[in-house]
Every structure is written in structure tokens, then in C-alpha cells.
1. So if each residue of separation counts as 0.36 nm, and I subtract the Cα-Cα distance between LYS125 and ALA97, what length gain in nm does that give?
2. If you stretched the chain out fully between ASP197 and THR112, how much longer would it get, using 0.36 nm times the residue separation minus the C-alpha to C-alpha distance?
3. Which one, PRO42, HIS141, VAL161, projects farthest toward the positive side of the charge dipole computed for the range 29-206 from Cβ point charges (K/R +1, D/E -1)?
4. Got a number for the accessible area of SER181? Probe 1.4 Å, square angstrom, nearest 10.
5. Looking at the range 29-206 only, what percent of DSSP beta bridges run antiparallel? Nearest 5 please.
6. Can you tell me the dipole magnitude for the range 29-206 around its Cα centre, using point charges on the Cβ only (Lys, Arg +1; Asp, Glu -1), in Debye to the nearest 20?
7. Just to confirm a number: summing +1 for Lys and Arg and -1 for Asp and Glu over residues other than LEU192 whose beta-carbon lies under 14 angstrom from that of LEU192, what do you get?
8. From the phi angles alone, apply the Karplus equation (6.51, -1.76, 1.60; θ = phi - 60°) to the range 66-76 and give each ³J(HN,Hα) in whole Hz, x where the residue is Gly or Pro.
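The values are calculated or read from the model by the stated rules, or taken from the named source; none is laboratory data. Values in this document were obtained by computation on a predicted structure and should not be read as measured data. Here Cβ is always computed from backbone atoms with ideal geometry, including for glycine, and neighbour counts include all displayed protein chains. We work out accessible area using only protein heavy atoms, side chains counted, and drop any ligands, DNA or RNA first. Shrake-Rupley method; radii C 1.70, N 1.55, O 1.52, S 1.80 Å.
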Amino acid sequence: MRPRGFLGARQWLSRAMSRCVLEPRPPGKRWMVAGLGNPGLPGTRHSVGMAVLGQLARRLGVAESWTRDRHCAADLALAPLGDAQLVLLRPRRLMNANGRSVARAAELFGLTAEEVYLVHDELDKPLGRLALKLGGSARGHNGVRSCISCLNSNAMPRLRVGIGRPTHPEAVQAHVLGCFSPAEQELLPLLLDRATDLILDHIRERSQGPSLGP
């Protein structure tokens with residue numbers, strides 16, 4: 001029975017979060033996969049990272065297990081992957097502040113920057129193109145920049161999901177914040193499947209390795 005009242009609710013939430021973080025986990029590694037984007041704006045190009053996380057959750061059978069966590073200001077789901085455990089995270093802060101949610105969750109789950117995967121949109125790749133980048137600069141992406149600042153590291157692996165760049169520079173903001181066109185939406189299911197395959201294969205390979213390195 002949950003305790004009543006504001007103080008009791010806070011105590012119950014604290015205990016629930018402690019169980020989530022400290023409960024016995026599989027003997028293998030733990031990784032986080034964070035889908036960057038803007039909460040409340042599904043279907044936009046800038047939130048395609050969150051769409052990938054949705055497909056990842058479906059693939060792992062935890063699509064109904066998302067829990068809103070106020071400590072991280074994010075939606076969280078835990079999923080097994082062989083002997084490893086995945087922490088799936090969708091920030092509830094705007095893109096420019098996504099890093100605060102990612103860094104807080106990494107702290108709670110005891111993860112280093114190298115164990116945190118970022119999934120985000122990429123203007124400089126056409127729709128349908130994927131690339132897994134191992135660390136480096138933000139390349140102008142505000143969500144990645146926020147994560148680098150809050151984690152105090154640029155070592156996070158990143159799955160870059162191409163959304164294409166419009167011809168005219170002044171159209172970039174509208175393009176990024178706009179929804180996928182009907183023609184683009186037809187390509188999305190295959191793209192999300194391929195993105196899920198790529199990140200799961202990479203995590204499986206690293207989980208079997210002797211070190212934290214890629």
C-alpha cells in the first residue's frame with residue numbers, strides 16, 4: 001500500500017527509483033540508449049531519435065513498459081539483451097536541454113559516457129542513411145552539444161539518422177521541426193528497423209568484448 005500525502009508520495013517514488021537502479025541485474029554489462037528529440041512533437045524530423053527508441057522498445061518487448069521518471073525528467077524502460085541490460089531513455093526536456101536528462105540517468109545507473117548511446121537526426125545525410133559515430137564533436141547538433149556539456153565528455157557513441165538538408169539555408173529550421181512528408185513516411189518503417197538492427201548489433205558486439213572500448 002502506497003503511503004498517502006505529498007511526503008509519502010515522494011518517499012515511495014524514491015524507493016521505487018532505488019529498486020529500479022539498484023535491483024540485481026544480469027551478470028553482463030549495462031548500456032543506455034537515449035533518443036534525442038523534443039517531447040510532444042512526435043513525427044518531426046528533429047525527433048527521429050525518439051522514433052528509433054520506440055522501435056527499439058517494440059523489438060525488445062518493452063513498448064508497454066515506459067515509466068515517467070521525475071529524477072531524470074525522462075521516460076525510461078529497462079530491457080534485457082542477452083546477458084546485458086539496456087536502459088532506454090526519452091528525455092522530457094527540449095532538445096537543447098536533453099543532456100540534463102541523459103547525464104542524470106547516467107549518474108543514477110552508474111554509467112560512463114562510453115556506455116551511453118545517443119540516437120539523433122543528421123542534416124548532412126540523406127533520409128535513409130545511417131552512420132554510427134564513436135565520439136567526437138557535436139557537429140552543430142544542439143542536443144548532442146547539450147549531452148557533451150552535461151556529461152563533460154564527447155566519448156558517447158552516436159547513431160546518426162539522416163533526414164536530409166534543404167536546398168535553402170533559411171529553410172533548415174522549418175525542415176528540422178517539420179513532420180516527415182507522406183513519401184518520407186513510407187520509408188520510415190524500414191529505416192527504423194535498420195537503425196534498430198545497427199545499434200543492437202553494435203551493443204551485442206561490445207558486450208562480448210573484454211573492455212569498454214568500441
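1. 7.7 nm is the gain from fully extending LYS125 to ALA97.
2. Length gained between ASP197 and THR112: 28.3 nm.
3. HIS141
4. Number for this one is 40 Å².
5. Roughly 55 percent of the beta bridges in the range 29-206 run antiparallel, per DSSP.
6. Computed charge dipole of the range 29-206: roughly 340 debye.
7. Residues near LEU192 contribute 0 overall.
8. Ordered by residue, 3J(HN,Hα) equals 4, 10, 6, 10, 6, 4, 9, 6, 7, 8, 10 Hz.
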